[in-house]
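A short write-up of the structure that comes next.
The values are calculated or read from the model by the stated rules, or taken from the named source; none is laboratory data. Values in this document were obtained by computation on a predicted structure and should not be read as measured data. As a convention, Cβ positions derive from the backbone with ideal geometry for all residues, glycine included, and neighbour counts pool all protein chains shown.
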Amino acid sequence: MANTFAPFGFSQNRGNGSAPTYEQRVRKIASDNATAIFAGDPVTTLSTGYIAQSSPGTTQIAGIFVGCKYLSTALQRTVWSPFWPGSGATGDVEAYIVNDPNAQFVAQVGGSSSTGIVFADIGANVNFAVGTGSTVTGISGAYVNQTTVNTTATLPFRIVGLIENPPGGPGTDSTSAYNWVLVAFNNVDTKSLTGI
């Protein structure tokens with residue numbers, strides 16, 4: 001069965017901790033950061049110490065965003081949310097990210113409408129594309145960009161496996177485009193953040 005392109009960001013599959021919180025770390029988003037950040041988005045540490053949604057490239061990522069809480073200016077109460085909408089907070093936003101260097105994530109492959117990531121790509125490095133997140137569910141639209149598979153050491157993710165079970169399930173057709181893969185961090189600034 002052909003895969004359907006419906007990216008969902010980077011969903012943690014493995015790590016040193018246990019579900020549902022795994023190895024979440026607290027970081028901060030500036031309340032004036034107008035770019036939305038969705039659950040499953042890669043995030044980057046800014047020069048100010050705050051985090052923001054990452055742009056594809058070779059800049060180190062800080063981890064994967066999994067939610068936040070903030071004092072809502074409109075509601076005058078604390079709001080827990082799977083995504084940062086880009087406005088509406090009084091003061092800094094408390095963000096939660098996964099930055100465990102041993103974490104692994106399931107993500108959908110995109111970037112090509114004819115080719116997926118194949119078994120021979122396991123061990124290669126790869127970039128991501130941001131996509132469009134959902135303001136209804138809060139889930140990211142990020143995906144692994146198949147066109148960037150390479151040995152480049154500074155790419156943010158490494159391909160460690162293909163999702164092939166259960167047979168016939170979403171993304172399990174590894175012979176066609178838009179399949180699902182298992183990736184690990186390849187370029188993450190965890191060393192400086194593990195004590196946070």
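So which residues in region 77-91 are touching a residue at least 40 places away in the same chain (Cβ under 8 Å) and either among the hydrophobic types (A, V, I, L, M, F, W, C) or not assigned by TED's automatic domain parsing to the domain that holds ILE51 (or both)? Within region 77-91, PHE83, TRP84, ALA89 qualify. Determine, yes or no, whether VAL144 is among the aliphatic types (A, V, I, L, M) and without any contact (Cβ under 8 Å) to a residue 40 or more places away in the chain. Answer is yes for this residue. Checked against (1) under 19 Å from ASN13 (Cα atoms); (2) of a type outside the set (Ser, Thr, Tyr); (3) out of contact with any Leu (no Cβ under 7 Å at 6 or more places or on another chain), VAL149 meets all criteria but (1). Just one of the listed residues (THR115, THR137) is modelled with pLDDT of 95 or more and of a type in the set (Ser, Thr, Tyr), namely THR137. State whether one or more residues within region 70-80 are within 30 Å of GLN146 (Cβ to Cβ) and not β-branched (Val, Ile, Thr). No, the conditions are met nowhere in region 70-80. Taken over region 111-126, the criterion of being surrounded by fewer than 22 Cβ atoms within 10 Å (Cβ to Cβ) and under 24 Å from ILE37 (Cβ atoms) is satisfied by GLY111, ASN125. More than 18 Å from ILE163 (Cα to Cα), over 14 Å from the mean Cα position of the chain (by Cα) and at pLDDT below 95, is that true of THR58? Taking the combined requirement at face value, the residue satisfies it. Which residue pairs have Cβ atoms under 7 Å apart, sit 6 or more places apart or on different chains, and have a first residue in region 64-76 that is assigned to a loop (DSSP other than H, G, I, E, B) and a second that is not polar (S, T, N, Q)? Short answer, once both residue conditions are applied: THR73/GLY88; THR73/ALA89; ALA74/GLY88. If you check ALA2, ALA34 for being over 18 Å from the mean Cα position of the chain (by Cα), part of a loop (DSSP other than H, G, I, E, B) and at pLDDT 95 or above, only one passes: ALA34. Scanning region 86-97 for residues that are surrounded by 18 or more Cβ atoms within 10 Å (Cβ to Cβ) and either touching a Ser or Thr at 6+ places or on another chain (Cβ under 7 Å) or on the phi > 0 side of the Ramachandran plot (or both) turns up ALA89, VAL93.
Does GLY138 count as over 16 Å from VAL183 (Cβ atoms), touching a strand residue (DSSP E or B) at 6+ places or on another chain (Cβ under 9 Å), in the same structural domain as TYR178 (by TED's automatic domain parsing) and in contact (Cβ under 8 Å) with a residue 60 or more places away in the chain? It is true that GLY138 is over 16 Å from VAL183 (Cβ atoms), touching a strand residue (DSSP E or B) at 6+ places or on another chain (Cβ under 9 Å), in the same structural domain as TYR178 (by TED's automatic domain parsing) and in contact (Cβ under 8 Å) with a residue 60 or more places away in the chain.
Scanning region 43-55 for residues that are in a loop (DSSP other than H, G, I, E, B) and within 14 Å of the chain's Cα centre (by Cα) yields SER54, SER55.
Could we say that VAL160 is in the same structural domain as ILE61 (by TED's automatic domain parsing), closer than 27 Å to ILE51 by Cβ and over 13 Å from the mean Cα position of the chain (by Cα) here? Answer is no for this residue.
Would you check if THR21 is of a type in the set (Ser, Thr, Tyr) and either at pLDDT 95 or above or surrounded by 13 or more Cβ atoms within 10 Å (Cβ to Cβ) (or both)? It is false that THR21 is of a type in the set (Ser, Thr, Tyr) and either at pLDDT 95 or above or surrounded by 13 or more Cβ atoms within 10 Å (Cβ to Cβ) (or both).
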